[in-house]
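J.: Sharing a structure here in structure tokens format.
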Amino acid sequence: MCCESKRRFLLLYATQKGQAKAIAEEIWQQAGAHGLEADMHCISEMDKYDLETEKDPVVIVISTTGTGDPPDTARKFVKKIQDKTLPPDHFAHLQYGLLGLGDSEYMFFCNGGKTVDRRLQELGAQHFYDTGLADDCVGLELVVDPWIDGLWLALKEALQSQKEKEGMNNAVDAVPSSLSTASHAVHELKLSSEVQNLKLEDEGAARGSDILSQKLDDISLVAPARDTEPSLVCSVPPVSQSALNIPALPPEYIEVEFQDTQGENPHLSSLISEGTTFEVPVTKAVQLTREDAIKTALLLELDIADTAFEYQPGDAFCIICPNNVSEVEELLHILGLSEKGDVFLCVKVKQGTKKKGASRPQHIPERSTLKFILTWCLEIRAIPKKAFLRALVECTSDAGEKRRLQELCSRQGASDYNCFIRDSNVCLLDLLHAFPSCKPSLSLLIEHLPKLQARSYSVSSSNLYQPGRLCFVFNVVEFPAGPSRPVSRKGVCTGWLAELVAPLLHPIKNSLDSEGKSSSTEEISIFPRPNNAFHLPADPSVPLIMVGPGTGISPFIGFLQHRQKLREQHTDWEFGETWLFFGCRHQDRDYLFKQLQCFLENGTLTHLKVCFSRDSSTAEVAPPKYVQDILRLCAKEVARVLLKERGYFYVCGDKKHMADAVSDAIVDILSMEMEADRLEAMKVLAMLREAKRYLQDVWS
């Protein structure tokens with residue numbers, strides 16, 4: 001039950017990777033300082049709240065996943081409110097404020113929050129506070145922090161209005177005079193190109209936060225030279241001379257107890273909640289790029305014949321992967337726990353914790369070895385959140401290091417945090433190297449490190465063409481060493497897979513049907529992640545255009561294999577034309593599937609257009625470098641397929657540097673061929689997206 005002396009509001013969060021939950025917890029922690037009590041629940045816990053009878057204001061924090069979907073935890077809620085039989089005044093009694101989280105790198109920015117917001121409005125609910133949309137592309141805190149700052153006055157006014165409506169005479173506590181003239185109408189905080197001009201006022205900025213005011217001579221900092229540049233470990237004025245507004249210290253809530261007993265670690269399937277997992281052998285590995293290519297691309301084949309795993313071309317699937325062994329060992333060494341890696345421990349909630357609703361994180365087994373937790377459960381490569389940095393301050397003994405960590409988690413150090421931590425992909429190990437006096441406890445890591453997420457990959461095969469086999473293609477991701485990262489690293493999953501299949505790798509064959517299979521005892525754990533839209537048209541006579549440079553070609557190999565098999569099995573069917581636009585750096589180094597020519601020769605592929613961005617040319621007219629350039633050269637044909645023949649358009653690959661450029665090219669093509677202005681062309685493209693005829697499978 002909430003305290004009677006404090007005024008209650010309902011706080012709901014819908015999270016996929018933990019960010020929305022962390023922000024909701026920050027709101028919950030700050031509420032008490034404002035004389036309010038947040039009744040906080042995950043939006044999936046519909047047995048613990050009831051919006052249909054809710055009288056108090058509601059605050060919702062919701063993220064977005066996939067290509068604009070609400071997070072998994074919100075699916076049942078969204079399905080419930082989207083019931084078309086609900087009357088338009090169903091939520092007429094409801095007052096709410098919503099904070100959406102998203103990434104503008106993706107087409108449907110904050111669509112999870114927008115979907116819920118729009119539907120609540122349709123059902124009669126009223127905003128007591130305008131919607132905030134925070135962009136992870138430039139830093140969530142640029143919207144989140146001022147949105148939370150403005151929330152408290154809006155809540156108090158909503159509660160005051162509620163009491164007046166109920167005819168109650170006792171007014172809400174007086175609003176502080178410094179805020180009495182402040183407007184609570186914080187307009188929708190969408191980030192734009194002017195986001196860097198967003199200024200946070202110092203006055204009142206420390207509400208709900210710790211205020212750190214320290215004289216510089218109290219800190220053992222060496223005054224930087226005038227030409228000193230800021231870095232992860234070094235600040236310059238004005239940050240180095242500022243009093244700091246830092247987040248409140250998150251309450252501890254986890255307790256770890258080592259045990260002498262023996263046993264077995266949990267099965268990997270217990271670590272995921274998405275459904276059935278399958279342990280499948282890796283039967284083949286082929287390096288598709290030459291040794292001197294800038295990126296290393298691998299094709300792996302999995303044997304799924306003895307499983308119930310099903311997929312369609314265009315689907316994705318997830319791989320459960322471990323953290324790098326040497327990084328786990330290094331972390332154990334820094335924590336002083338090298339001798340306890342194989343010792344079993346029990347993880348439980350700390351007695352007397354001040355954290356509301358504290359529970360053991362679902363991704364942490366109640367009992368397992370320490371090494372199992374660090375290897376399979378925690379994302380030790382995660383970029384540390386500001387709340388984590390705030391907690392690390394308390395574990396740091398050197399005054400200069402402590403001050404710098406305080407700066408990095410402060411309002412005043414927001415730019416430094418973005419530059420030296422978020423944008424530099426700094427992880428916990430990097431921080432512990434940079435700040436050697438920082439010695440966090442194991443329980444602190446369990447509290448703050450997020451779940452190690454399974455990695456998603458596009459299927460690059462057809463079960464019709466290769467029964468019992470699943471293929472996929474990936475680049476081995478490389479993170480070079482830099483000022484904030486002392487050593488280079490490979491991607492968590494791609495680096496592990498490359499090491500796992502090293503004995504299987506053949507000399508480069510660049511063949512879809514490479515011979516020389518080797519038996520392998522190596523198995524990986526996978527689970528399906530079906531794609532609801534990125535599939536071949538149900539009607540095979542519909543033409544299609546596929547754009548997939550680099551490893552973006554992966555799902556289209558499955559498309560073409562499937563289409564070839566259908567042509568063989570159904571000689572009387574009518575098949576629409578198929579276009580494939582592919583690009584890479586060098587024709588002789590990273591043309592991943594030269595055997596695409598076979599699909600062209602047997603009629604499965606009607607048109608193949610390729611380009612090579614780094615190859616030199618002696619031609620009088622320079623050849624096109626990128627897929628968007630070839631699309632423009634084929635403008636009339638592209639427009640004909642999309643507008644006259646109602647064809648499908650598929651894009652797969654890098655979002656920022658390719659998919660957006662392809663989208664711009666299509667707008668130009670439509671504008672030119674329709675003899676219409678650019679705005680009209682954009683509307684047509686939007687209609688194609690809405691009709692699921694312009695489809696993307698992209699990543700940032």
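J.: So, taking all protein chains as they sit and a 1.4 Å probe, how much accessible area belongs to R529, in Å² rounded to tens?
T.: Taking all protein chains as shown, R529 has close to 110 Å².
J.: A follow-up question, please. With the dipole of the chain worked out from charges on the C-beta (+1 for Lys and Arg, -1 for Asp and Glu) around the Cα centre, which of L408, P250, V476 lies farthest toward the positive end?
T.: After comparing all options, I get V476.
J.: Quick one, which of (1) 242; (2) 206; (3) 217 is the actual volume of the Cα convex hull per residue in Å³ calculated for this model?
T.: Correct label is (2).
J.: Quick check: the distance between the Cα centres of the stretch 547-592 and the stretch 410-425, to the nearest angstrom?
T.: 43
J.: Let me ask another. How much length is gained if the chain between A305 and K340 is pulled fully straight, taking 0.36 nm per residue apart and subtracting their Cα-Cα distance, in nm to one decimal?
T.: Gain on extension, A305 to K340, equals 8.6 nm.
J.: Over the stretch 544-698, what is the mean sequence separation of C-alpha contacts under 8 Å (at least six apart), divided by residue count, expressed as relative contact order in percent?
T.: Taking the mean separation of contacting Cα pairs over the length of the stretch 544-698, I get 25 percent.
J.: Here's a follow-up. Quote the Stokes-Einstein diffusion coefficient, in whole µm² s⁻¹, for the stretch 7-163, based on the Kirkwood radius over alpha carbon pairs, a temperature of 25 °C and a viscosity of 0.890 mPa s.
T.: Estimated diffusion coefficient is 158 µm²/s.
J.: Only loop residues by DSSP count here, and only those with at most 11 other Cβ atoms within 10 Å; note down the GluC sites (Glu not before Pro) in the stretch 51-117 that meet that.
T.: E52
J.: For every helix of n ≥ 4 consecutive DSSP H residues, a contribution of -39,500 (n - 2.57) applies; sum these over the chain, divide by its total residues, and give [θ] at 222 nm rounded to the nearest 500 deg cm²/dmol.
T.: -7500 deg cm²/dmol
J.: Would you list C419, C318 from the most to the least accessible area, probe 1.4 Å?
T.: Sorted descending by solvent-accessible area, the residues read C419, C318.
J.: Further question: So which aspartates and glutamates can K636 reach, going by Cα to Cα under 18 Å and dropping same-chain residues fewer than 8 places off?
T.: Answer for K636, where 18 Å is the Cα cut-off: E577, E645, D664, D668, E673, E675, D677, E680, listed by chain and number.
J.: Right, next: Excluding residues on the same chain fewer than 8 positions from K165, give the lysines whose Cα lies under 17 Å from its Cα.
T.: K165 reaches K55, K156.
J.: Right, next: So if I place +1 on the C-beta of Lys and Arg and -1 on the C-beta of Asp and Glu, and nothing else carries charge, what would the dipole magnitude of the chain be about its Cα centre? I want it in debye, nearest 20.
T.: 240
J.: Oh, and also: Which aspartates and glutamates does K625 reach when only Cα atoms under 12 Å apart count, and residues fewer than 8 places away in its own chain are ignored?
T.: Partners within reach: D615.
J.: While we're looking at this one, here's another question. Could you give the size of the charge dipole of the stretch 315-358 about its Cα centre, using +1 on the Cβ of each K and R and -1 on the Cβ of each D and E, expressed in debye and rounded to the nearest 20?
T.: 680
J.: May I pose another question? Which listed residue (V610, A676, L560) has the Cα farthest towards the positive end of the charge dipole for the stretch 544-698, taking +1 on Lys and Arg C-beta and -1 on Asp and Glu C-beta about the Cα centre?
T.: Result: L560, furthest along the dipole toward the positive end.
J.: Another question, if that's okay. Using square roots of five times the C-alpha gyration tensor eigenvalues, list the equivalent-ellipsoid semi-axes of the stretch 344-405 in whole Å, biggest first.
T.: The answer is 25, 17, 12 Å, longest axis first.
J.: Now for a separate question. Helix 678-690 sits at what angle to the longest principal axis of the chain, using alpha carbons and giving 0 to 90 degrees rounded to 10?
T.: Between the helix axis and the principal axis of the chain, the angle is about 90 degrees.
J.: Compute the angle between helix 399-408 and the longest alpha-carbon principal axis of the chain, please, reported from 0 to 90 degrees and rounded to the nearest 10.
T.: Taking the Cα atoms of the chain, the angle to 399-408 is about 70 degrees.
J.: Rank these residues by their accessible area, most exposed first, probe 1.4 Å: H562, H127, H333.
T.: H333, H127, H562
J.: With everything on Cα atoms, drop me the angle between helix 325-335 and the longest principal axis of the chain, reported from 0 to 90° to the nearest 10.
T.: Tilt relative to the chain: about 10 degrees.
J.: Now, a different point. Please identify the GluC sites (Glu not before Pro) of the stretch 344-435 that satisfy two criteria: DSSP loop assignment and at most 12 other Cβ atoms within 10 Å. Which are they?
T.: When the GluC sites (Glu not before Pro) of the stretch 344-435 are filtered for loop state and at most 12 Cβ neighbours within 10 Å, E366 remain.
J.: With every protein chain kept in place and ligands, DNA and RNA left out, what is the accessible area per residue of the chain? Probe 1.4 Å, answer in Å².
T.: It amounts to 47 Å² per residue over the chain.
J.: Just how much of D572 is accessible, in Å², when a 1.4 Å probe is used and the result is rounded to the nearest 10?
T.: Taking all protein chains as shown, D572 has close to 130 Å².
J.: Let me ask something additional. Quick one: of K348/K371; K21/K340; K609/K655, which pairs are farther than 25 Å apart, Cα to Cα?
T.: Going by Cα-Cα distance, K21/K340 fall outside the 25 Å limit.
J.: Determine the dipole magnitude for the stretch 7-163: charges of +1 sit on the beta-carbon of Lys and Arg, -1 on that of Asp and Glu, nothing else is charged, the reference point is the Cα centre, and the result goes in debye to the nearest 20.
T.: 440
J.: First select every other residue whose beta carbon is under 9 angstrom from the beta carbon of L345; then total the charges, Lys and Arg +1, Asp and Glu -1.
T.: +1
J.: Ranked by accessible surface with a 1.4 Å probe, highest first, in what order do S104, S462 come?
T.: Heavy-atom accessible area, descending, gives S104, S462.
J.: Next question. Say each of E279 and A676 gets a label point 7 Å from the Cα, pointing the same way as Cα to Cβ; how far apart are those two points in nm?
T.: Computed distance between label sites E279 and A676 equals 5.6 nm.
J.: Could you please state how large a percent of the accessible area of the chain is carbon and sulfur, counting protein chains only and using a 1.4 Å probe?
T.: Carbon and sulfur: 49 percent of the exposed surface of the chain.
The values are calculated or read from the model by the stated rules, or taken from the named source; none is laboratory data. These numbers were taken from a predicted model, which means no experiment stands behind them. Cβ coordinates were reconstructed from backbone atoms using ideal geometry, including for glycine residues, and neighbour counts include every protein chain displayed. Note: areas computed on protein heavy atoms with side chains; ligands, DNA, RNA excluded. Shrake-Rupley method; radii C 1.70, N 1.55, O 1.52, S 1.80 Å.
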